[in-house]
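Single-structure report; data block below.
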Amino acid sequence: MRERFCSFNIIYYFCNMKEKIKVQDVTFYGLQVAAWLVFLMVPAISAFAANNSWEDAWRAIQFSSRIMWIPAAIFFVNSFVLIPFGYYRNRRWLFWLGNAVIFGLLAWHYFGIETPAFMEHLPNERAKRYAVTSYYSTSVLSIFMDILLAGIALLIHHMYRTRAIKRQLMEEQHKRTEAELEWLKNQLNPHFLFNTLNNISSLIQLDADKAQDSIAQLSDLLRYAMYETRHETVPLQGEVEFMRNYVELMKLRCNERTIVNCQLLIGNSQLEIAPLLFISLIENAFKHGVSSSRDSRIDIRLEQNEGKLVFTCENTNFPKDDADRSGSGIGIENTRRRLDLIYKDRYVWEQSLEDNIYKVRVTIEL
């Protein structure tokens, strides 16, 4: 039973380890191994190209291996063990201690043993001194180069991790943007429904038949708002039809003193747009531009011009008093925020208030 349990743990461990291994990591370490193999093969390729001899190529590989095995070992020990499991795991002492041991052993190998045997066969003392000087200077240079290789391994890891962190931050930013857009859209739908139901509620007392037709129209609008707007973008034609029906419903709250002009000049366009983008501006025009006792006017225009979509809305301005501030500013803020998130650096927002006429103009590059 115990053996079976241990076998299960081993299998579970390797399965989890397999899941943790990322393609990027395999590529990262694989490229390092490939680079060292290239360094190893360059002398052999050169020897074969010069003499057309496989024997010379093999001897070149053997010679390169004898020279490169220590630098390669130091690089790979740092890159595969000390840096990922020490330096970047809050155990930097392991990285420094490991390298101290490695270079301590290397220094002992070069300087702690007896003078190399070949020096005993040199003919005179002057030649021996020259050989000893050359040996120790070459050894110091070799250790310095090995330290440099450990630093290069750390630099490569740092660049790789920096790039990975930037990529992760971009992904998190994208997810956060999508979540915020969804929140803004969900906030808009109940706001739109609340105002439209209020309009129909007022109409029921005046004209029940017309109110029934408006409810059917509202049903179509809600179907569009609840299902079609789940996509990031919708066909411009569908959005225009939705806006036209919405304006007709909003006109229910207006009396004969209000003039509403709505011109949505879009032909057979194949363009797509973010859903419900201009509804808050239209609703804002009816909310603040209509008075039951004074002449009012609302002009809405949407046109397509060489890949640009231009929405303009002008209305008389009747500011609400402090007793009626429900939802004030929410729709405009949401619209501008959605424009920032979806069409950043691709839209122009213009608004003005002159001679008691409020005007907003939005130009979007689709």
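A few points about this structure:
- Remark on Leu271: its backbone amide H falls under 5 Å from those of Leu236, a criterion applied only to residues 5 or more positions apart or on other chains, H modelled at 1.01 Å from N.
- Exceeding the 23 Å Cα-Cα cut-off - candidates Lys175/Lys308; Lys210/Lys251; Lys166/Lys344; Lys251/Lys308; Lys175/Lys287; Lys251/Lys287: Lys175/Lys308; Lys251/Lys308; Lys175/Lys287
- Taking a Cβ cut-off of under 15 Å around Gln168, the surrounding Lys, Arg, Asp and Glu residues balance to a net charge of +4, with basic ones at +1 and acidic ones at -1.
- Where a label projected 7 Å from the Cα of Trp96 along Cα→Cβ would reach, residues of segment 56-78 with amide N under 12 Å: none
- Charged neighbours of Ile200, selected by a Cβ distance under 14 Å, balance to -2 (K, R count +1; D, E count -1).
- Multiplying the residue separation of Lys175 and Phe39 by 0.36 nm and removing their Cα-Cα distance gives an extension gain of 44.7 nm.
Here, each number is a calculation from the coordinates, and none is a lab measurement. This is a predicted model, so every value here is computed, not measured. No Cβ is skipped: glycine too gets one built from the backbone with ideal geometry, and neighbour counts run over all protein chains shown.
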